[in-house]
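The structure under discussion appears below in the form of structure tokens.
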Amino acid sequence: MGRWRCRTPVCQRQIFTERVAGVLVPYAQQTNRLAETGTLVGRALGGRPGERLLNRLGMPVSRHTLLRRVQRAARNAVLPEVVRVVGVDDWAWSKGKSFGTILVDRERRQVVDLLPTRSAQALSEWLRQHPEVVVVGRDRQGVDAEGVASRSPPSPCK
């Protein structure tokens, strides 16, 4: 990638750089591939374990950056029209202090949404906004059970 200086004193731009499409976005501090690697590692391992792995691989990044990338990827993800099978689990925004809810499309293995709180009300509201959800996979957490139960009336088949 080249960098050139303008020798004209009245020029507004003193330094010009060559744009490399597909490798870097303008004003990026790292390549697209390195940013994507950080996002994938952040999704798979989380903050501190992901930070340790990437540091060992020679790609130093903070745990906070990894978590921001996961959050940004969830916000910017192009969601499919229909999400039928959803996995629900808790998500630690701050270890041991504040928790949210992560929702994953189990068929496509993609993060669908990150809810800011860990409550039955937030989960049931999200499920009401997505009536196409047929199956909800969850752990034994009582908050998840309440949220799923309050979403719809009980089944007549008992």
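The values are calculated or read from the model by the stated rules, or taken from the named source; none is laboratory data. Being a predicted model, the structure only gives us computed values, none of them experimental. Ideal geometry is used to build each Cβ from the backbone, glycine not excepted, and the neighbour counts take in all protein chains shown.
Give segment 15-39 a look and list any residue that's closer than 19 Å to Ala92 by Cβ and out of contact with any Ser or Thr (no Cβ under 8 Å at 6 or more places or on another chain), or say none. Of everything in segment 15-39, just one residue is closer than 19 Å to Ala92 by Cβ and out of contact with any Ser or Thr (no Cβ under 8 Å at 6 or more places or on another chain), namely Thr39.
Scan segment 125-158 for residues that are exposed (fewer than 10 other Cβ atoms within 10 Å of the Cβ) and at pLDDT below 80 and the total you get is 8. Output yes when any residue across segment 26-43 is of a type in the set (Val, Ile, Thr) and in contact with a strand residue (DSSP E or B) (Cβ under 6 Å, 6 or more places away or on another chain), and no when none is. Checking segment 26-43: not a single residue is of a type in the set (Val, Ile, Thr) and in contact with a strand residue (DSSP E or B) (Cβ under 6 Å, 6 or more places away or on another chain).
Scanning segment 73-113 for residues that are of a type in the set (A, V, I, L, M) and surrounded by fewer than 16 Cβ atoms within 10 Å (Cβ to Cβ) turns up Ala77, Val78, Leu79, Val82, Val85, Ala92. The residues in segment 117-148 that are in a helix (DSSP H, G or I) and hydroxyl-bearing (Ser, Thr, Tyr) can be counted, and the count is 1.
Across segment 76-100, the number of residues qualifying as free of Cβ contacts under 8 Å to residues at least 24 places away in the same chain and more than 21 Å from Pro49 (Cβ to Cβ) comes to 3. Restricting attention to segment 56-71, and to residues there that are out of contact with any helix residue (DSSP H, G or I) (no Cβ under 8 Å at 6 or more places or on another chain) and under 17 Å from Gln29 (Cα atoms), which single residue is surrounded by the most Cβ atoms within 10 Å (Cβ to Cβ)? For segment 56-71, the residue satisfying everything is Arg68.
Checking Gly58, Gly42 one by one, the residue that is at pLDDT 80 or above, within 13 Å of the chain's Cα centre (by Cα) and not aliphatic (A, V, I, L, M) is Gly42 and no other.
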